[in-house]
Amino acid sequence: MKVIVGLGNVGAKYAKNRHNAGFMAIDKLALRLNVKFSLKQNLHAFLAVANVEGQKVYLVKPITMMNDSGIAVKAVLDYFGGQINDLIVFVDDIDRDYGQLRIKKAGASGGHNGLKSIEANIGSREFLRIRIGTGRPAHTAQSVIKHVLGDFTQLQMELVQPKIDDAVLAALDLIQGAALNTVTNRYNN
């Protein structure tokens, strides 16, 4: 099995935010796999289930808001019996420029509250992250918050969209059993 999580905030006012790059990727993956999300209150998430080459793939969009994403991730892993090695997380990354992608197993949260929440709730950093670059503003706490909760401009979206597409392709490769080093060599930049 695989559990693929897209991090973001629920609601129309957040839909085009930089912080919702993870939701954008998981939505695109759902389209690619031809599955639809349904609300699962007990899992604190929207959930879609696909079957890829005989393997169950659970697509997850937490409804907890970004800073509590780990509640949904833990609920889904526990409910379906998933392990940390089954988990892949799509996440925005302000430490990468627009148009950059970084796939990495384990590591620090980099200050990302969604990743911090997952780490705290599952008790591990040993899960795979597919980080989608969303650029970094001037380095003050308020400007970072304003940046991540701000919408992509058209030009920024033109740079990010191909990387969201690559993030989806990378996840599909991993689902289908490609070696991590093969996937990172193909998509990391």
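The values are calculated or read from the model by the stated rules, or taken from the named source; none is laboratory data. Predicted model only: the values in this text are computed from it and were never measured. Don't worry about glycine lacking a Cβ; one is built from the backbone with ideal geometry, like all the others, and counts go over all protein chains shown. Areas reflect the complete protein model, heavy atoms only, side chains present, ligands, DNA and RNA absent. Shrake-Rupley method; radii C 1.70, N 1.55, O 1.52, S 1.80 Å.
Structure data summary
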item: The range 65-83: number of residues that are among the β-branched types (Val, Ile, Thr) and either more than 19 Å from residue 114 (Cβ to Cβ) or under 14 Å from the mean Cα position of the chain (by Cα) (or both); result: 1
item: Filter result for the condition that a residue is closer than 16 Å to residue 172 by Cβ, in a strand (DSSP E or B) and touching a residue at least 40 places away in the same chain (Cβ under 8 Å), over 26, 4; result: 4
item: Selected residue [at pLDDT below 95 and among the hydroxyl-bearing types (Ser, Thr, Tyr)] from 117, 143; result: 143
item: The range 10-27, residues that are open to solvent by 10 Å² or more (accessible area, probe 1.4 Å) and within 15 Å of residue 146 (Cβ to Cβ); result: 13, 14, 16, 18, 19
item: Residue count, the range 29-47 (criterion: over 12 Å from the mean Cα position of the chain (by Cα) and in a helix (DSSP H, G or I)); result: 7
item: Test: residue in the range 89-98 that is open to solvent by 70 Å² or more (accessible area, probe 1.4 Å) and not aliphatic (A, V, I, L, M); result: yes
item: Scope the range 30-45; condition over 18 Å from residue 164 (Cβ atoms), open to solvent by 30 Å² or more (accessible area, probe 1.4 Å) and in contact with a helix residue (DSSP H, G or I) (Cβ under 9 Å, 6 or more places away or on another chain); matching residues; result: 36, 40, 42, 44
item: Test: residue in the range 48-57 that is without any contact (Cβ under 8 Å) to a residue 12 or more places away in the chain and not in a loop (DSSP other than H, G, I, E, B); result: yes
item: Residue ranges of helices (runs of 4 or more DSSP H) in the range 70-189 with at least 3 members closer than 26 Å to residue 34 by Cα and touching a residue at least 12 places away in the same chain (Cβ under 8 Å); result: 154-175, 180-187
item: Residue among 123, 107, 111 that alone is open to solvent by 10 Å² or more (accessible area, probe 1.4 Å) and touching a Lys or Arg at 6+ places or on another chain (Cβ under 8 Å); result: 107
